[in-house]
Amino acid sequence: MDKVFISDRVTNPDIEKSILGEFLTTEYSKDITVIMVWHQVVNASYLNDFPNLKGIIRYGVGFDKIDLEACAERGIVVCNNPDYCTEEVSTTATAMILNSSRCISRYDELARNYRSGWQENVLPHITRNSELTIGFIGLGRIGAMTLTACQASRYKTQFYDPYLPEGMDKVINSTKVDQLDNLLASSDIVSIHCPLNKETVGMVDDTFIKKMKAGSSLINTARGTILDSLDCIYTGLKSNHLNSVHLDVLPDEPPKSHPLIDAWRNRDDWLAGRLTINPHSAYHSIESGIEQRHKAAKNALKAVTTGVFSNIVNE
């Protein structure tokens, strides 16, 4: 009988057991045909231990720790779990956009030192939402949901996504931009929602930042290594070319010592409230955690009972 094995992190597979029943095993055997993985690095060496493996199911959305070529060579299907945290990540991105334009964290830092003229201490550059344009790079589930939320908050919106079919701009009542450079030059806030692949890894570099509109802000809730490094963020903020940057993901997690990280940790005056860093937590809620495990297990059950996988990323 086919067996499903959980590679890492889950210490009490009660949810998975309730769905998979006798198909779930906690012990290695040659009968394992499906592996459910969290942070496990899946390379050719790891695959050698599973001679009858048919599929790998990622609990999360990203799959950059899985060697797709090695899997393809063995005829192994790789799946992800693309929508379990759509609402959570979208809400985080929307909150970061609102924070960027209304300067909530900036005021919080600066107000600590206000001793007089309390409400007269305003930041002169702040503009109402309806005067600002949010540019979205990538318009999948999360990007589209965030765009819709921004429209509800009266922002103007535009997007760059060369893989979307024609007419999507009409469906979502937004503006499609055909060239990334044009989006960067005309957006007051840029929000990144594209996947990590050969085209997007290291996409945000010094050239990218310089092409952004002066005084604009950057949001990244997608993948950390879409940033080439933290150098370009540091330069952009230090020179005031960037107004603010809000990150849920980083090139290195947890972050290593870097002038930007050091200034953030030390709460340096020049950076106060202009850089927000979350510990890659946008995916999280009680509900998303339960949904994540349910959906991964149901995909595994479908695979071992019908031979059909959902959400295949290496077709």
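The values are calculated or read from the model by the stated rules, or taken from the named source; none is laboratory data. Fair warning: this is a prediction, and the values are worked out from it, not measured in the lab. So basically every Cβ, Gly included, is an ideal-geometry build from the backbone, and we count neighbours across all protein chains shown. Each accessible area value is taken on the protein alone, full model and side chains, heavy atoms only, with ligands, DNA and RNA left out. Shrake-Rupley method; radii C 1.70, N 1.55, O 1.52, S 1.80 Å.
What accessible area per residue comes out for the chain, rounded to a whole number of Å², with a 1.4 Å probe?
Solvent-accessible surface per residue comes out at 50 Å².
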In the chain the accessible area split gives carbon plus sulfur, as whole percent at 1.4 Å, a share of 50 percent
A student asked for the Cα radius of gyration and Dmax of segment 146-265 in angstrom ought to give 14.8, 45
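In percent, how large is the relative contact order of the chain, given Cα pairs closer than 8 Å and 6 or more residues apart?
Answer for the chain is 20 percent.
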Taking r as the C-beta separation of residue 49 and residue 277 and R0 as 30 Å, the FRET efficiency to the nearest 0.05 is 0.20
Measuring from the longest principal axis of the C-alpha atoms of the chain, the long axis of helix 141-152 (C-alpha) lies at a number of degrees, nearest 10, equal to 30 degrees
Ranking 136, 122, 111 by how far each Cα lies towards the positive end of the charge dipole of segment 97-141 (+1 on Lys and Arg Cβ, -1 on Asp and Glu Cβ), the top one is 136
With all protein chains present and a 1.4 Å probe, the order of 39, 193 from largest accessible area down is 39, 193
For the chain, the dipole about the Cα centre with charges only on Cβ (Lys and Arg +1, Asp and Glu -1), to the nearest 20 debye, works out at 640 debye
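Of 246, 258, 294, 125, which has the most accessible area with a 1.4 Å probe, and how do the rest follow in descending order?
Values: 246 0, 258 35, 294 65, 125 95 Å².
Largest to smallest exposure gives the sequence 125, 294, 258, 246.
As a test of the formula, what do you get for the chain when each DSSP H run with n ≥ 4 contributes -39,500 (n - 2.57) and the sum is divided by the residue count, at 222 nm and rounded to the nearest 500 deg cm²/dmol? Write out the running numbers ahead of the final one.
On the way: 12 runs with 107 residues, N = 315.
So the calculated ellipticity at 222 nm is -9500 deg cm²/dmol.
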Short to long, in 10 Å steps from zero, the percent of alpha-carbon pairs of segment 205-265 per bin is 22, 61, 17
The local net charge around residue 282, scoring Lys/Arg +1 and Asp/Glu -1 for residues other than residue 282 whose Cβ lies under 11 Å from its Cβ, equals -3
Once all protein chains are kept in place, residue 69 shows an accessible area at probe 1.4 Å, nearest 10 Å², of 130 Å²
The size of the Cβ-based charge dipole (Lys, Arg +1; Asp, Glu -1) of segment 137-195 about the Cα centre, to the nearest 20 debye, is 260 debye
Once the in-chain neighbours fewer than 8 apart are removed, the aspartates and glutamates whose Cα is under 16 Å from residue 211 read 178, 181, 188, 228, 231
In the structure shown, of 65/156; 170/198; 170/210; 198/298; 198/256; 65/198, the pairs separated by more than 26 angstrom at the C-alpha atoms are 65/156; 170/198; 170/210; 198/298
Once the dipole of segment 50-203 is set up from charges on Cβ (+1 Lys and Arg, -1 Asp and Glu), the residue from the list 57, 75, 98 lying farthest towards its positive end is 98
Cα extents of segment 51-187 per principal axis, largest first, Å, are 72, 38, 25
Between the modelled labels at residue 315 and residue 111 (7 Å from Cα along Cα→Cβ) the distance in nm is 5.1 nm
Expressed in angstrom and ordered largest first, the alpha-carbon extents of the chain along the principal axes are 73, 45, 33
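With +1 on each Lys and Arg Cβ and -1 on each Asp and Glu Cβ, and nothing else charged, work out how big the dipole of segment 226-304 is about its Cα centre, in Debye to the nearest 20. Can you show the working numbers first?
Numbers: 9 positive and 10 negative charges, 76 e Å.
Magnitude of the dipole: close to 360 debye.
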For residue 205 the rounded accessible area (nearest 10 Å², probe 1.4 Å, non-protein molecules ignored) is 50 Å²
Relative to the chain, whose Cα atoms define the longest principal axis, helix 86-102 and its Cα axis are tilted in degrees, nearest 10, by 10 degrees
